[in-house]
Structures are given as C-alpha cells and as structure tokens.
Amino acid sequence: MDKTQMLLSGTTALTLLVLVAGWRIRQKRRRLRWNREWFIREYAFPSHLDDSLRREYPMLTREQLPLVHRAMRSYFACWLQAGFRPVAMPSWLVDAYWHAFILDTRAYAAFCTSAFGRFFHHVPAALATQAGGMGEAMQRTWRLCCAQEGIAHGAVAGVPLLFLIDERIRIPEAMRHDIDSLRKASADGNACSSGCGGGCGGNGGGHRSADGHGDGGDSDGGGSGCGGGCGGD
C-alpha cells in the first residue's frame, strides 16, 4: 500500500469514527429527551397545590383538577420540546398552579432538574413583552400543544386544552384567544403578531402582575399572560 492509499484509508477511518461518534451523541440526546418527556407526563404534582389553587378559584371542583394537571404537564412539555426557547402561558388557571408550584421551592427545583436539567424561570408578561417576541412565543406554544394532542395546528377544528381550560372551567376573566388568528398564522408558517403580553387574546384576559394578581384588564383588550424562559444552564 503506497502513501496515498494509506492516507485515504486513514481519512476514511477517521471520517467513520466521527460519524459514529456523532450518531452516538444524537442517540444519547434523543434518549435523554425521551426520558425527560416521560418524566413530565408521569409526574405527580404535590397534592397541596390543588388546595392552594382551589382557594384562589373556588369554582374549581376536585373532578376538574386532573385537567389542570394535564394542562400544566403540556406547558412544561412545550418548553422542553421547544429546545428551551420562550413559550407563552395561555391560561390564568394553569399559571396560578405554576405559581403555587414554584413556591414549593424544593419540589419545584427537583422537578426542573429531572425534567429539564436546569431551572425553568417564570417570566412575567410585562418583562417578557419588553424583551420582544411574545407573539412568537404564543404561536410556538400553540403549535406544540396542537402536536401533543394530534391537532393539525392550521386546521379549522380542534383547540388544545391549555388554550381552552380557562373557559372550560369558567373562571372569572378567563384568558381568551383569537383562535382563528392562531390557526391562520400556523397555516401560513408565521408567528402570531400578538399574544401573550398583548393583543392576540380576545375579550377579557386582564393583566397579571409579577406577583400573579390580576388587575381585571380592559373589556376589549387583548388577553395577556406570562411566559417562561431559561435562566441559564
């Protein structure tokens, strides 16, 4: 074997090693993501969170609590599936549950470590809107929730639970959304021009400040909400 052949053989072997190493890394990442998604789907929230939420929303029955749990898991899964890019919160009810969970600092920190490998910070709507892109974040949440529930995100029928739960439970000042706009933007492949933090919601909504309390909002104002963001590795 001459030097040229030896060089080609060595280059081929190195290329194969690089390809195999890359494949193994991708497989490891897929397994890790699957394990995290499974953890989120199967996670049992601390029972005291239910009592906290029912004190804030007395109309919520114990039979309806599994819907809140499911919607909360859906939102957490969105952030993981989005690759930790911003996702907007489309529900006051689920946002209140998230607030209660965060206050249980040890349980929430342990959950974040297992589900995400990092802490999932709550970002109030006002701050998130200043950073820009909340319409895009709401659209991202819509697309991912639709995918989770097997709904074509641009279809004329079907609304994911996370976008419907406030009205389904009939909480006061339920966060409402312009579903047609969300569908159209998804079908067009564009981010919704408004949404969490202003504009995309329909009637009601109101504004919730950093401490989670609402001010009622304007009757014709856009539904606002909170988003989530990565606080670093």
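Please treat every number below as a calculation from the coordinates, not as lab data. These numbers were taken from a predicted model, which means no experiment stands behind them. FYI the Cβ positions are ideal-geometry reconstructions off the backbone, even for glycines, and counts take in every protein chain you see.
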Cut-off 13 Å between beta-carbons: net charge of the residues surrounding residue 161, Lys and Arg +1, Asp and Glu -1: 0
Between residue 55 and residue 179, what's the calculated FRET efficiency when r is the beta-carbon distance and R0 is 22 Å? Round to 0.05. 0.15
Assuming R0 = 41 Å, what is the FRET efficiency of residue 167 and residue 18, from their Cβ-Cβ distance, to the nearest 0.05? 0.20
Under the 7 Å Cα-to-Cβ spin-label approximation, residue 152 and residue 110 lie apart by a distance in nanometres of 4.5
Residue 121's amide H: which non-local residues (gap 5+, or another chain) put their own amide H closer than 5 Å, with H modeled 1.01 Å from N in plane and none for Pro or chain starts? 229, 231
Mean Cβ count within 10 Å, highest first, over the residues of peptides 47-57, 135-145, 73-83: 135-145, 73-83, 47-57
